[in-house]
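The values are calculated or read from the model by the stated rules, or taken from the named source; none is laboratory data. Here the structure is a predicted model, which is why all the values come from computation and not from measurement. Because the Cβ atoms are built from the backbone with ideal geometry, glycine has one as well, and the counts that use them run over all protein chains shown. All accessible areas refer to the heavy atoms of the entire protein, side chains included, with ligands and DNA or RNA removed. Shrake-Rupley method; radii C 1.70, N 1.55, O 1.52, S 1.80 Å.
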Amino acid sequence: MNQGNRNVIDETASENIFQLFFEHLPFPATFFFIKETTCSDILCMSCLQYANRSFRDTYGIINNDDHENIFSSMIKPGLISEIMNNKTGYPAIKSDSIMITCRQRFYYRHIVLLDDKTGILILSDASDSMNMELNYLESREKYFTMINSLPEIVFEIDSRGKILFVNRKAIEILGYTYDELNTINAFELIDSDKSITAITEKLLSGQCRVKHSHSLKCKNDTLIPINLFLSPMETEGRISGYRGIAVDISPLVEARNLLLSSEGKFRKMIEYSFDAIAIIDSRGVLTYISPAARSITGYDPDELLGRPVWDFLAADGKQKVLYLLEGPLGKSRSTLKGKMQFNNKNGSIKTLAYNITNLLDDDSIKGMVINCHDITQEIEACALIEHQNIELLHRESQYRYLYENALVGMFTARLDDFLIINANEMCQHLLGFSSKKEFVGKRRLTDFFPDNKKIDPLVNNSGQNSYYHNDAIQMRKNDGSLFWIEITTRIAHFENTVDGIIIDVSKRKKAEHDVYKLTYYDQLTRLPNRELFRQHVIKEIARAKIKGEGYVFAVMFLGIDRFKHINSIYGPRIGDQLLKEIAMKLEASIYKKDDKLSRFEGDKFLILFSDIKDRENAGALVKNMGKIFTEPFFIDNLYIDVTASVGLSTYPSDGDDSDTLIKNCETALYIAKEQGKGMCHFFDSRLNDEMLNNFEIEKDLRKAVQKNQFFIHYQPQMNRNGILTGLEALIRWQCPKRGLVPPLHFIPIAERSGIIVDIGNAVLAQTCGQLKKWKKSGLNPGKIAINLSPYQFSQKNLTEKVMEEIVRANIDPAYIELEITESGIMENEDDSIQKIMKLKEMGFSIAVDDFGTGYSSLNKLQNYPIDTLKLDKSFIQNILSDKKSSAISKHIIQLSHDLGFEVVAEGVETKEQLEFLIQHNCDKFQGYYFSKPQSPEFLEETFLAR
């Protein structure tokens, strides 16, 4: 074959190979020819030589016409001429991006002119990267926000140290503002020039990440130790800046310094640490370890020598080492790099980067040389950065999910016109819309607040980025109804937005209102209670102090008379209805807005009368209140007559604080009640002192009962022949503080307080015990009379209590005479007669004490199952000088005898009185004429010894 034919064959083969290669390119490409035309002196294409399969598939080319149309839309006239005019040689290349309208996608266009006749058009799809860039731009601001929330300093600087970006943590740690950091070179914040040089050298040497420890200079000149993780930023093949993270390691440094100060050898080991070098034999046993291993492993070399290296590696370390020795490192001089996890002596796991070389055939080594250093922190730093990147993406996803599914309403509004530009579903629900489209972008924030003044602090704040929290404010729903919310806003002036969180607290506000009602209002009458009334008085005192001297107001304490009696007769339900009716009438009788009414407790009410001008005017207030009780109350088809007693105190004469004024008018009420029903009493300091003394006596009486300070004296009862017929047991109180207290001073107080029951029980027990002792000694005192007070007599368990003492003392009830006062019987006459009959059946004698001083009529005596009448000493004292006393006494003696009663005259002090009584057939006599009350010992030596 001649040379010409061979050339033709070679060219044909080459063309076929090129066409095959061009056809199977993985991206759209077309090969074209260029020819010159005289049309406007512009170079253009005459026709297309070839379009590859990817080009035809991408644009759906069926025939050459399609090919021509698409190609001409991609390369306009003049483009080839422009490339050729600007070329410096072949191949001449032009790359740019282009939008293919038929497909609505971005492509990178690469035109390659191989010479002045031929060229290639190559297209690469850039749509995905363009979309990614747009998505990146959209989320960049969110990433900045997330970066600002990181607990480490994140920064970017240029190669000269100018700060391009720092997060909020840098501001917090360094103490500079953003503007101040813009004027500071970042390298000036590092406390050592050597540190800067070391970082620069590492980065210039090609290390992609650098970890270094430094101290940062804060604005206040303090130094903050940090771990610095730095990566270079490259532009066109050169380092244009640095990006990194600075971790505050102050706690770590402090702990390390503490350790170093106590353990000097560890400090030196750390200061002189180098890569550890070790040698292992063919069995994996350590035959040499350098001193530097201490800083990495925590072991002294002597602790490691002679032991298999896998003793200090992770659980599967033995299998890995044996595999390496038998496999990859089986050949002499073979080298292997990798990472392994080493169990530090202190229990931690270190990651070591190692380089191991097989030098078993080297006579000087005869083992495998391992060079390793600790890369734990570098791995942790890389993992941290990777984790943080993942975390940022995860947080963004979480943020979107949480925002839309939050259980609180969230919104964003423009700061300049308050137009709502975003909101979540809960906000839509709270505002009463069925769709966000109904209000987002259409309604303003101010449309939903009934009082725009309330939201001024929420949206008007001069701070750069500031927060405002309002505990509770009312918001208006779409239907116009109001509900209570708790709102927090964040104002971002730079973004011209206000972000808000709203929580529906309507239920909480209702609960607070209910709690307030329960705390400060009476549940029966719905009136303010004593605590709220006390606050009203405090406010009135403050008003009085502002008004100045001459301002007078009154506090009235009103109590229903015998309300317990009403409750016992009609029952508590009627009692409650009565209190509600009284409360309504009292409230209706108050005319001034500053006057206040309160239910203090039970049947007691408090009323504040503001500005009464003068203390004397209080009487008219009492009279006005009294009108309420002039007519019976009609409750449940019952007419109930009610009276009320009133106590009054006035400011400032009766107190200058709320507690004193309330206490003093309560004291006045108690004094009024002692005077009778329907009475009024103004506070009087003298009577108050007397009442306070009575309270002290009452307190001492309770102690006396507990400590058994009472004892009994007995007064003889004699017949007309001067023979002892019986004794009356009389209580005495020996108080350690007051001495011997007369019965008249403490018995009335004991009766009012109810302590008389305990005292009566003590008298009964002591008397029965004394009677038992006398009987055992063979002495006969006759019947012993024991007084039962009206309060004691009214107790339901009276008969059981009396019999209990009789049984305990093992005495005959016939030796006991129970004395009951006339008023005690009359208080509940039917019940009293039943009790007397029961006591009579038990064997007791019954006497009516102080007869003639009460309200019973003589004709009622025939109904009483009694044995004796005791003629009160008030008649005996004047029996000789007063005809009325004489006539009454004679009449009582005669009537008593007619009814079969014995008569005992009390208070006989003279012989003349005795003779008068004997003359008119009185049966027995008692008084100082015979003997005053005496101790048991005295009676045993005198009257009982006869």
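Miscellaneous remarks
- Of the residues making up the stretch 921-932, those that are in a loop (DSSP other than H, G, I, E, B) and either of a type in the set (D, E, K, R) or surrounded by fewer than 20 Cβ atoms within 10 Å (Cβ to Cβ) (or both) are N921, D923, Y928, Y929, F930, S931, K932.
- Residue match in the stretch 834-854 (condition: under 26 Å from Y929 (Cβ atoms), in contact with an Asp or Glu (Cβ under 8 Å, 6 or more places away or on another chain), open to solvent by 60 Å² or more (accessible area, probe 1.4 Å) and at pLDDT below 90): yes
- Scanning the stretch 793-820 for residues that are of a type in the set (S, T, N, Q) and open to solvent by 30 Å² or more (accessible area, probe 1.4 Å), we see that the one that is farthest from the chain's Cα centre (by Cα) is N810.
- Filter result for E674 (within 30 Å of K545 (Cα to Cα), in the same structural domain as V552 (by the TED database) and of a type in the set (D, E, K, R)): no
- The stretch 314-334, subset in a helix (DSSP H, G or I) and either of a type in the set (A, V, I, L, M, F, W, C) or within 21 Å of K350 (Cα to Cα) (or both), residue farthest from the chain's Cα centre (by Cα): L325
- Residue check for L325: in the same structural domain as A293 (by the TED database), open to solvent by 60 Å² or more (accessible area, probe 1.4 Å), of a type in the set (A, V, I, L, M, F, W, C) and in contact with a Ser or Thr (Cβ under 7 Å, 6 or more places away or on another chain): no
- When we screen I893, I918, I879 for residues that are in a loop (DSSP other than H, G, I, E, B) and of a type in the set (A, V, I, L, M), the only hit is I879.
- Residue check for K796: modelled with pLDDT under 90 and basic (K, R): yes
- When we screen S832, S777 for residues that are out of contact with any strand residue (DSSP E or B) (no Cβ under 9 Å at 6 or more places or on another chain) and of a type in the set (S, T, Y), the only hit is S777.
- Residue, most open to solvent (accessible area, probe 1.4 Å), within the stretch 436-447, restricted to residues that are modelled with pLDDT of 90 or more and not basic (K, R): E438
- The criterion of at least 3 residues that are in contact with a Phe, Trp or Tyr (Cβ under 9 Å, 6 or more places away or on another chain), assigned by the TED database to the domain that holds G726 and under 29 Å from V908 (Cβ atoms) is met, among helices (runs of 4 or more DSSP H) falling completely within the stretch 760-865, by 822-827.
- Residue selected from the stretch 127-171 under the condition surrounded by 11 or more Cβ atoms within 10 Å (Cβ to Cβ) and of a type in the set (D, E, K, R), by the criterion modelled with the lowest pLDDT: E133
- Residue that is under 24 Å from D656 (Cβ atoms) and over 38 Å from the mean Cα position of the chain (by Cα), where the choices are R562, R573, R615: R615
- Every pair of residues 6+ apart whose Cβ atoms lie under 7 Å, when the first sits in the stretch 137-149 and is part of a helix (DSSP H, G or I) while the second is at pLDDT 70 or above and among the β-branched types (V, I, T): I147/V154
- Residues that are out of contact with any strand residue (DSSP E or B) (no Cβ under 7 Å at 6 or more places or on another chain) and of a type in the set (A, V, I, L, M, F, W, C), drawn from the stretch 406-420: A406, L407
- Within the stretch 813-831, none of the residues are of a type outside the set (D, E), at pLDDT 85 or above and closer than 16 Å to P933 by Cβ.
- When L944 is tested against (1) touching a helix residue (DSSP H, G or I) at 6+ places or on another chain (Cβ under 8 Å); (2) under 15 Å from Q717 (Cβ atoms); (3) in a strand (DSSP E or B), exactly one condition is not met: (3).
- For the stretch 876-911, taking the residues that are out of contact with any Gly (no Cβ under 8 Å at 6 or more places or on another chain) and closer than 16 Å to M718 by Cα, the one that is most open to solvent (accessible area, probe 1.4 Å) is identified as K911.
- Considering the stretch 709-723, the residues that are farther than 16 Å from Y928 by Cβ and open to solvent by 40 Å² or more (accessible area, probe 1.4 Å) include one that is farthest from the chain's Cα centre (by Cα), namely N721.
- Looking at the stretch 563-626, the helices (runs of 4 or more DSSP H) lying wholly inside it that each contain 3 or more residues that are open to solvent by less than 20 Å² (accessible area, probe 1.4 Å) and free of Cβ contacts under 8 Å to residues at least 60 places away in the same chain sit at 572-588.
Results for (1) without any contact (Cβ under 8 Å) to a residue 12 or more places away in the chain; (2) part of a strand (DSSP E or B), shown as yes or no for each residue.
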position	(1), (2)
N358	no, yes
N371	no, yes
H387	yes, no
Y399	no, no
H429	no, no
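- Scanning the stretch 523-556 for residues that are on the phi < 0 side of the Ramachandran plot and in a loop (DSSP other than H, G, I, E, B) yields Q523, L524, T525, L527, N529, E549, Y551, V552.
Results for (1) over 27 Å from K320 (Cβ atoms); (2) open to solvent by less than 50 Å² (accessible area, probe 1.4 Å); (3) under 37 Å from the mean Cα position of the chain (by Cα); (4) not assigned by the TED database to the domain that holds I277, shown as yes or no for each residue.
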position	(1), (2), (3), (4)
L360	no, no, no, no
I365	no, no, no, no
V369	no, yes, no, no
T376	no, yes, no, no
I385	yes, yes, no, yes
S397	yes, no, yes, yes
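- Restricting the stretch 523-552 to residues that are over 23 Å from I582 (Cβ atoms) and of a type in the set (A, V, I, L, M, F, W, C), the residue that is farthest from the chain's Cα centre (by Cα): V552
- Any chance D898 is part of a helix (DSSP H, G or I) and assigned by the TED database to the domain that holds P781: yes
- Residue selected from the stretch 491-522 under the condition assigned to a loop (DSSP other than H, G, I, E, B) and at pLDDT 85 or above, by the criterion nearest to E581 (Cα to Cα): D522
- Residue match in the stretch 686-701 (condition: of a type in the set (K, R), under 22 Å from G754 (Cα atoms) and open to solvent by 60 Å² or more (accessible area, probe 1.4 Å)): yes
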